[in-house]
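Okay, so here's the structure we're looking at.
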Amino acid sequence: MVDLIVIGAGPAGLSAAIYAARAGHTVTVLEELVFGGQVATTPEVENYPAIRKIDGVEFSMNLYNQATELGAKVEFAGATKVDLTGPVKQVWAGETLYEAKAVILANGAKRRKLDVPGEERLSGKGVSYCATCDGAFYRGKVTAIVGGGNTALEDALFLANNCETVHLIHRRDSFRGSKILSDAVIARKNIVIHYDSIPTEIVGESTVEGLSISNVKTGAAETIPVSGVFVAVGLAPDNHLVEGQLELENGYVKAGEDCATNLPGVFVAGDTRTKAVRQIVTAASDGAVAAVNASTYLSSLAAE
Ligand code: NAP
């Protein structure tokens, strides 16, 4: 049994691992996909204090190396079942059981879907949720990206470097994302912005051939011929794993700035927690807070 299991190796989970390992605790981090979480698929990070500009993969690699060099063990296994209610916290990854005295849940959030006809059927056949991962397949082609947040804006800029034209579809007349990114998108010659527009269908036989959109103010409809549709309409939590054990609010694990949940010895960090600002720096900050509070909890057990 280790002192602490961290579920998720994104900035929140790995920051928690760094703090817990430095406090002298044994730490196992479970990660189902790749370390870094969403940052691993971010083209460039330029708002993390003291790092002017860094590639998302390099940022993730630095975090991973820092945590593992300090002694945290990262296991590439997805948690499939948990029992967090007792003093011994149990986490299964398939048949394998991991046990710890404390747990930090840092499983992040997943990309939300559009829920329009054609999306499911053409997913992986021209419909993508990750421009950094799939953008290179569309070199010289015409693509569309849906959304108006920082992800959509960053992805539009990234795609514009590869694609002949990028159609950016946003449902309002101003972007939710930051001014610096909005200005860059507006200035980019090969990005065509469709404000006040919502996607109604992704069309194509076996691969994407077009995106149908409708203007919410005028009702005008058109189908833009594109060979790829990128979806960047925000995040949704995925907390079925802890449903019935941890208190949830709109799918997010309910916790305040102390990252403490309704269960003793169970903490939550990063995008999966109820919080106002979901950024890399706030995820890392949560990781530190959760680890310090988990460490205090572990010390209280030792004192018993
Ligand atoms: P987000 O900020 O929630 O933006 C989602 C966008 O999608 C919004 O513009 C929203 O429109 C639109 N949208 C939502 N549902 C839609 C639907 N069904 N159809 C069409 N459009 C829809 O999500 P995000 O861009 O993924 O970012 C998530 C978090 O990560 C944010 O806190 C963001 O600031 C952060 N992030 C930061 C950076 C950075 O700082 N460089 C980079 C990436 C992400 P409305 O605007 O009308 O709501």
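Computed values, structure above
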read-out	value
Convex hull volume per residue for segment 108-177, taking Cα atoms only, in Å³	103
Amide H within-cut-off set for Val74, under 5 Å, with H built and near neighbours excluded	Val29
For the chain, convex hull volume per residue from C-alpha positions, Å³	136
Two-site label geometry, Asp183 and Ser123: point separation in nm, points 7 Å out along Cα→Cβ	3.8
Contact order relative to length of segment 113-231, as percent, for alpha carbon pairs under 8 angstrom and 6 or more apart	32
Options Gly108, Ala160, Leu298, ranked by Cα towards positive dipole end of the chain, top entry (Cβ charges)	Ala160
Cut-off under 5 Å, modelled amide H: who pairs with Ser197 long-range	His170, Arg171, Arg172, Val216
Cα principal axis extents for segment 113-231, largest first, Å	38, 34, 22
Within the chain: Cβ-based charge dipole about Cα centre, in debye rounded to nearest 20 (Lys, Arg +1; Asp, Glu -1)	580
Under 16 Å from the Thr207 label point (7 Å along Cα→beta-carbon), backbone N, segment 141-164	141-144, 163-164
Solvent exposure of segment 113-231 as accessible area per residue, Å², 1.4 Å probe	48
Expected 222 nm ellipticity per residue - DSSP helices of 4 or more, -39500 (n - 2.57), all of the chain, to 500	-8000 deg cm²/dmol
Accessible surface of the chain [probe 1.4 Å, protein heavy atoms]: carbon and sulfur percent	52
Probe 1.4 Å - accessible area at Tyr195, Å² to nearest ten	80
Simple spin-label estimate for Glu99 and His240 in nanometres, 7 Å along Cα-Cβ	2.8
Convex hull of Cα atoms in segment 1-100, direction-averaged projection (nm²)	6.6
Cα pair distances of segment 21-73 binned at 5 Å [whole percent]	5, 20, 23, 21, 16, 12, 2
With 10 Å bins from 0: P(r) over segment 1-42, alpha-carbon pairs, percent	33, 50, 16, 2
Among Tyr129, Ser178, Gly210 - extreme Cα towards positive end, dipole of segment 113-231, charges at beta-carbon	Ser178
Residue order for Glu257, Glu44 - accessible surface, 1.4 angstrom probe, largest first	Glu257, Glu44
Extended-chain gain in nm, criterion 0.36 nm per residue less alpha-carbon gap, Ala77 and Gln279	70.2 nm
Contact order relative to length of the chain, as percent, for alpha carbon pairs under 8 angstrom and 6 or more apart	21
Where labels lie 7 Å past Cα in the beta-carbon direction, separation of Thr218 and Asn62 in nm	4.6
Ellipsoid semi-axes in whole angstrom, largest first, where each is sqrt(5λ) of the Cα gyration tensor of segment 168-278	37, 18, 12
Protection proxy ranking of 96-105, 245-254 - average other beta-carbon atoms within 10 Å, highest first	96-105, 245-254
Unsatisfied cross-links (Cα-Cα over 31 Å) in the set Lys53/Lys81; Lys53/Lys110; Lys73/Lys254; Lys89/Lys110; Lys89/Lys125	Lys53/Lys81; Lys89/Lys125
Charged-residue dipole, Cβ positions (Lys, Arg, Asp, Glu), segment 113-231 about Cα centre, Debye nearest 20	300
Computed magnitude of the charge dipole of segment 78-174 (debye, nearest 20; Cβ of K, R +1, Cβ of D, E -1)	80
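The values are calculated or read from the model by the stated rules, or taken from the named source; none is laboratory data. Keep in mind the model is a prediction, meaning the values are calculated, not measured. Neighbour counts are summed over all protein chains in view; Cβ atoms, including those assigned to glycine, are modelled from backbone coordinates with ideal geometry. Surface areas here come from the heavy atoms of the whole protein model, side chains and all, with no ligands, DNA or RNA. Shrake-Rupley method; radii C 1.70, N 1.55, O 1.52, S 1.80 Å.
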